[in-house]
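Below: the structure, in structure tokens.
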């Protein structure tokens, strides 16, 4: 195979890979379209974790603060959930998830 054909094949593969990644991220943002029982306008932990995963895949870095997730298109118009007493929202860097953690005194 000559060099131009190899470059063309590599370019097609790269475009195809990026297209698939975009479709996966779009699917995660849109979800399945079902509306859950949460009609209060507050995002759920599932919503936040979906946004965290999509942002990480789309930008290549993980947000350091939960508040950064509110800029994500899938969460626009929603507010962060109210944590239980003595807890706050945080991103668990080891589990790559949004969780409630104890508020340190």
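FYI, it's all coordinate maths here, none of it is from the lab. Since the model is a prediction, treat every value here as computed from it, not as a measurement. Note: ideal-geometry Cβ built from the backbone for every residue, glycine included; neighbour counts use all protein chains shown.
Of note:
- In this rough spin-label picture, where each label sits 7 Å from Cα along the Cβ direction, the residue 44-residue 65 distance is 2.7 nm.
- Percentage relative contact order, the stretch 36-105, counting C-alpha pairs under 8 Å, at least six apart: 31
- Note on residue 14 and residue 94: the model spin-label points, each 7 Å out from Cα along the C-beta direction, lie 3.9 nm apart.
- Spin-label pair residue 21/residue 57, simplified geometry with 7 Å Cα→Cβ offset, distance in nm: 1.1
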